[in-house]
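Engineer: Can you read through this structure? Questions will come right after.
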Amino acid sequence: MHFAVCDFLLDLVQNSVEAGAANVGIDVVESGGSIEATVEDDGKGMDERELERAKDPFYTDGTKHARRKVGLGLPFLIQATEQAGGDFRISSRKGSGTRVSFGFPVDGVDTPPLGDLPGLFLSAMCFDGDYELVIRRRAPARGVDYEIRRSEILEAAGPLDDASALVAVREFLASHEAS
Amino acid sequence: MAKMTLEQLRKLREEKKGDMQKRDVEGKSIQIIVGMGTCGIAAGAKQSFDEIVKAIDENKLSGDVIIRQTGCMGLCHVEPTVEVVMPGMPATIYGRVDAATARDIVVKHVVGKTLVENHIYDRPAVDIVKK
């Protein structure tokens with residue numbers, strides 16, 4: 001099981017990238033007593049049957065690891081939201097993309113910690129491939145409100161396979177979260 | 001801390017480039033790949049990734065090293081997993097890589113060219129790994 005909300009989000013972004021998405025959106029909003037997050041992509045999507053099966057921990061499409069019998073990403077998130085009294089929604093269309101949204105009550109005893117947002121956003125940009133990632137983040141109580149695109153980060157900092165670029169971008173992301 | 005602008009990010013990046021001691025004129029020859037699937041994330045691969053980035057930056061190796069993330073490498077039972085491919089060393093997949101081991105991989109494997117024992121799960125032949 002994942003430890004923090006950020007871990008669930010990174011897992012979803014990894015799914016999107018693996019689904020061949022050219023555009024991935026990630027929204028994280030803390031307001032009105034809840035943490036709400038959405039990951040949306042234009043990857044290969046799923047039909048109704050695949051979508052139902054994706055919620056089953058003992059199902060995987062079997063294309064990546066031939067003998068594997070489990071696929072735990074979405075089931076972990078469903079379980080965590082159910083335990084904490086949060087909510088989980090998923091919709092998908094074959095060939096056009098998938099959207100996953102979830103929420104946690106901010107003061108729930110079973111709500112996972114939010115985790116390291118700058119680290120999440122950095123890792124979410126670091127997967128191989130040519131995809132756009134749009135990060136939208138709001139926490140009005142702390143005066144946090146920003147939107148960042150992977151393309152503008154790549155343009156300013158260069159390829160994100162370089163440690164010194166990664167350190168610089170992490171500092172950039174942390175400065176947005178701290179304001 | 002005020003929000004950095006993209007212009008400030010660009011400047012910081014340029015400053016950091018100046019620090020680099022580029023050893024390999026042929027281009028980057030060392031690859032470090034961190035498994036970031038469900039299994040890796042659940043086991044703390046993000047912390048290992050952060051520590052590798054820090055250690056590479058501190059040792060001024062970023063001119064030589066490419067750091068990448070990938071999905072599951074198929075070794076879910078020993079996550080987090082990290083693969084290192086570099087000249088002069090056998091391509092190696094390390095498992096159970098917590099932050100301390102991640103730093104060991106940079107210091108011992110990448111810099112010192114010795115294998116990090118007790119964490120090897122794939123690639124080098126068994127007879128060269130001490131029990």
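Engineer: Quantify how strongly other chains surround peptide A:124-136 by giving the mean number of their Cβ atoms within 10 Å of each of its Cβ atoms. Walk me through the intermediate numbers first.
Structural biologist: Values: counts 2, 1, 8, 5, 5, 0, 0, 0, 0, 0, 0, 0, 0.
Counting other chains' Cβ atoms within 10 Å and averaging over A:124-136 gives 2.
Engineer: I'd like to check one number: the per residue accessible area of chain B, probe 1.4 Å, reported in Å² as a whole number. Before the final figure, lay out each step's value.
Structural biologist: Working: 6350 Å² over 131 residues.
Dividing the accessible area of chain B by its residue count gives 48 Å².
Engineer: For the range A:5-178, treating each Cα as an identical point scatterer without solvent, what Debye log10 I(q)/I(0) comes out at q = 0.16, 0.17 1/Å?
Structural biologist: -1.00, -1.11
Engineer: Probe radius 1.4 Å, ligands and nucleic acids ignored: give me the carbon and sulfur share of the accessible area of the range A:5-178 as a rounded percent.
Structural biologist: Working: 3720 of 7670 Å².
Using a 1.4 Å probe with all protein chains present, the range A:5-178 comes out at 49 percent carbon and sulfur.
Engineer: Ranked highest first by average number of other Cβ atoms within 10 Å, how do B:56-62, A:93-99 line up? Can you show the working numbers first?
Structural biologist: Numbers: B:56-62: 20.1, A:93-99: 15.7.
Ranked from most to least packed, the peptides come out as B:56-62, A:93-99.
Engineer: Starting from the residue with the highest accessible area, list A:F121, A:F76 in decreasing order, probe 1.4 Å. Could the numbers behind the result be given before it?
Structural biologist: Numbers: A:F121 0, A:F76 30 Å².
The residues order as A:F76, A:F121, largest area first.
Engineer: Before I look further, what does the range A:5-178 give for accessible area per residue, probe 1.4 Å, in whole square angstrom? Present the calculation step by step, with values, prior to reporting the outcome.
Structural biologist: Numbers: 7670 Å² over 174 residues.
I get 44 Å² per residue for this part.
Engineer: Something else about it: To the nearest 10 degrees, how steeply does helix B:6-19 sit against the main Cα axis of chain B, on a 0 to 90 scale?
Structural biologist: That works out to roughly 60 degrees.
Engineer: Heavy atoms only, probe 1.4 Å: what % of the accessible area of the range B:27-128 goes to carbon and sulfur, would you let me know?
Structural biologist: Numbers: 1980 of 3840 Å².
It is 52 percent, rounded to a whole number.
Engineer: Computed on protein heavy atoms with a 1.4 Å probe, what is the summed buried accessible area for the chain pair A and B, in Å² to the nearest 100?
Structural biologist: For chain A against chain B, roughly 3400 Å² becomes buried.
Engineer: Among B:H109, B:H77, B:H119, which one shows the biggest mean-square fluctuation in a GNM of chain B, springs joining Cα atoms closer than 10 Å?
Structural biologist: Greatest mean-square fluctuation among the candidates belongs to B:H77.
Engineer: Of all DSSP beta bridges located in the range B:27-128, what percent are antiparallel, nearest 5?
Structural biologist: Values: 9 of 15 bridges.
Among the beta bridges of the range B:27-128, antiparallel pairing accounts for roughly 60 percent.
Engineer: Also, I was wondering about something else. Name the residues of the range A:32-64 whose accessible area, probed at 1.4 Å, falls by at least 10 Å² once all protein chains are in place instead of their chain on its own?
Structural biologist: A:K64
Engineer: Considering the alpha-carbon set of the protein assembly as shown alone, what are its Rg and its Dmax in angstrom?
Structural biologist: Expressed in Å, the Cα Rg and Dmax of the protein assembly as shown come to 19.6, 60.
Engineer: Here is a further query. In deg cm²/dmol and to the nearest 500, what is the mean residue ellipticity at 222 nm of chain A if only DSSP H runs of at least 4 residues count, each as -39500 (n - 2.57), divided by the residue total? Can you show the working numbers first?
Structural biologist: Working: 6 runs with 66 residues, N = 179.
The per-residue figure over chain A is -11000 deg cm²/dmol.
Engineer: Ok, one more. Once both axes come from the Cα atoms, what is the angle between helix B:45-58 and the longest principal axis of chain B, in degrees from 0 to 90, rounded to 10?
Structural biologist: Orientation of helix B:45-58: about 60 degrees from the principal axis.
Engineer: Which values of log₁₀ I(q)/I(0), to two decimal places, follow from the Debye formula for chain B at q = 0.21 Å⁻¹ with a uniform point scatterer at every Cα?
Structural biologist: -1.21
Engineer: Compare A:L12, A:L114 by solvent-accessible area with a 1.4 Å probe and give them largest first, with all protein chains kept in place. Can you show the working numbers first?
Structural biologist: Numbers: A:L12 10, A:L114 35 Å².
Reading off the accessible areas and sorting them downward yields A:L114, A:L12.
Engineer: Something else about it: How large are Rg and Dmax for the range A:121-164 when only the alpha carbon atoms are used, in Å?
Structural biologist: Both quantities, over Cα of the range A:121-164: 12.1, 35 Å.
The values are calculated or read from the model by the stated rules, or taken from the named source; none is laboratory data. Just so we're clear, the structure is a prediction, and the values are computed from it rather than from any experiment. So basically every Cβ, Gly included, is an ideal-geometry build from the backbone, and we count neighbours across all protein chains shown. Only protein heavy atoms, including side chains, enter the accessible area calculation; ligands, DNA and RNA are left aside. Shrake-Rupley method; radii C 1.70, N 1.55, O 1.52, S 1.80 Å.
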